[in-house]
Every structure is written in C-alpha cells, then in structure tokens.
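Nothing in this text is a laboratory measurement; each read-out follows from the coordinates by a stated rule. Computed from a predicted structure; not experimentally measured. So basically every Cβ, Gly included, is an ideal-geometry build from the backbone, and we count neighbours across all protein chains shown.
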Amino acid sequence: MKKSLKAKCLKAAAASMAAFLLCGSLALLGCASGPNGSNGSNGSSSSKSSAATATSASSEASMTGKHHVQMKVEGYEPITIELDADSAPITVTNFVNLVKEGYYDGLTFYRFDDGFCMQGGSAGNSAASADTLTPVVGEFSSNGYDNPLADAFDRGVVAMARTSVPDSATSTFFVTLGSADQVGRALNGEYAAFGTIDPEGMAIVDAIVADHLEAAAGANMGMIADESQQAKIESITFVD
C-alpha cells in the first residue's frame with residue numbers, strides 16, 4: 001500500500017468536516033456520526049451483533065481490481081455498486097466480508113441529507129451496536145494512504161463513515177448525493193471512498209431520498225429516529 005504525505009484537511013473545510021462528522025462522530029451515525037451515539041433504535045441490532053465477528057480486513061489478504069454488489073432497498077429496484085479494490089483494498093475487503101455474512105440484510109438507511117448524503121448500514125444506527133466489529137484502517141490521504149477515489153468525491157461515491165478517529169470505520173457507509181463542488185471540500189482526503197454508483201443506480205437512490213426527506217426534514221442532520229420511517233435494506237449481495 002503506497003502512502004502519501006499529504007497535509008491534513010484545509011482549514012476552510014474544517015466547519016464542513018465537523019458537521020459531517022455529526023453525519024458519524026463518536027458513533028458513526030451521520031455521513032460519519034452523531035453526538036449522542038445513537039439516532040434511533042433498530043430491531044435488527046441484537047441479531048447483527050452476533051453476526052459481527054468479522055475478521056479485520058487489515059490482517060488478511062486484501063482484494064484487488066473491480067467488483068460488484070447488488071443492493072436491494074425495500075420497495076425499490078436493485079442498485080449496483082461498483083467496488084474499487086485498487087483504490088481501497090482494505091475497505092473493500094471488509095465491506096465484502098460483511099456482505100457475504102449477510103450483515104447488512106435487514107438494516108436501514110436512516111440519514112437523508114439532501115444534496116449531501118444518504119447513510120446507513122449500522123446495527124442500531126450507532127457504532128455502539130457494532131462493537132463486535134473490528135475497525136479497519138482509514139484509507140484516505142489525511143491518514144497517509146493513497147486512495148485516488150477518496151481525493152475526488154463526487155455524486156454517487158460510496159464511502160465509509162467514521163468517528164473523529166481515522167481508523168474507526170466498521171460497517172456504516174454513505175452515498176454522496178451532491179456534485180464535487182457540493183461535497184468535495186468536506187470529504188476529499190478524509191473518508192475512505194471505496195465504490196461508485198452509476199447514473200441508473202443514482203436515479204433509484206434519488207427516489208429513495210425523495211421519499212424520506214419529509215421524515216428527515218425536522219431531524220438533526222437528517223437522521224430519522226423512527227425505524228418505521230427509515231429505508232430498509234432487504235439485502236446486499238456479492239456479484240463478482
């Protein structure tokens with residue numbers, strides 16, 4: 001793994017970063033976390049904690065090349081995510097391990113921040129519920145890792161949420177909704193991007209977001225506390 005010596009995030013992006021960490025700080029809740037460590041209950045949390053004995057991808061042979069998973073959100077057509085293991089081998093390996101375990105099946109997307117991100121994939125919607133998962137290395141430039149995808153956030157990028165600790169990502173991930181100009185300053189070089197969704201898939205993401213914006217409108221950072229109003233992930237399946 002090549003490392004770079006890039007400097008930390010620009011001061012101009014600090015405010016946006018702080019807000020985004022509330023999209024995950026201390027709890028991997030928002031497009032990175034929430035200040036209270038939880039933003040709602042999830043009925044799947046107990047079953048998922050037992051399934052979350054995932055081996056740290058950092059300690060095993062990491063994947064390379066491009067791979068694909070298919071994500072089915074209840075009530076919507078399937079979405080294909082292309083995984084880039086050349087840019088983020090450790091992150092992709094960890095994600096695929098969880099997918100193959102069925103970890104994400106039955107969890108939800110619970111944060112809908114219009115123009116910024118859709119986030120989910122946490123048992124109980126908090127890092128505390130996933131404490132049996134082993135955090136993986138944060139593959140992004142401010143953490144010393146060369147990840148081209150993480151240096152060029154744009155619409156349709158899939159990345160891991162985390163706390164303020166660089167090496168704290170476990171299962172929570174987010175999909176960017178805005179353009180490079182809208183999301184890049186807050187995210188570039190700071191989050192482990194590991195995949196992309198094509199325009200066809202993003203049309204489905206847009207529909208999911210549109211259907212949940214009303215519930216998210218009055219919520220802190222767009223995080224919906226009521227599980228019945230969240231978007232349920234029926235399954236994520238490894239394709240190739």
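For the reader, a short list of remarks on this structure follows.
- Charge tally in the Cβ shell below 11 Å around residue 235, where Lys, Arg are +1 and Asp, Glu are -1, residue 235 excluded: -1
- Taking a sphere under 12 Å around the Cβ of residue 68 and counting the other residues whose Cβ falls inside, with K and R at +1 and D and E at -1, yields a net charge of -3.
- Distance (nanometres) between label positions extended 7 Å along Cα→Cβ at residue 72 and residue 239: 1.4 nm
- Amide H contacts of residue 107 (H built 1.01 Å from N, in plane; Pro and chain starts excluded): 233 sit under 5 Å, all sequence-distant by 5 or more or on other chains.
- Cross-link reach list, aspartates and glutamates versus residue 66, counting only Cα pairs under 16 Å and skipping chain neighbours closer than eight places: 82, 84, 86, 198, 240
- Pairwise FRET efficiency - residue 220 versus residue 80, Cβ, R0 = 22 Å, nearest 0.05: 0.10
- Positive-end ranking of 208, 175, 136 along the dipole of segment 90-240, with charges on Cβ about the Cα centre, is headed by 136.
- Taking amide H as placed 1.01 Å from N in the peptide plane, the amide H of residue 194 sits under 5 Å from that of 158, 159, 160, each at least 5 places away or on another chain.
- Ranked by how many other beta carbons lie within 10 Å on average, peptides 71-78, 186-193, 163-170 from highest: 186-193, 163-170, 71-78
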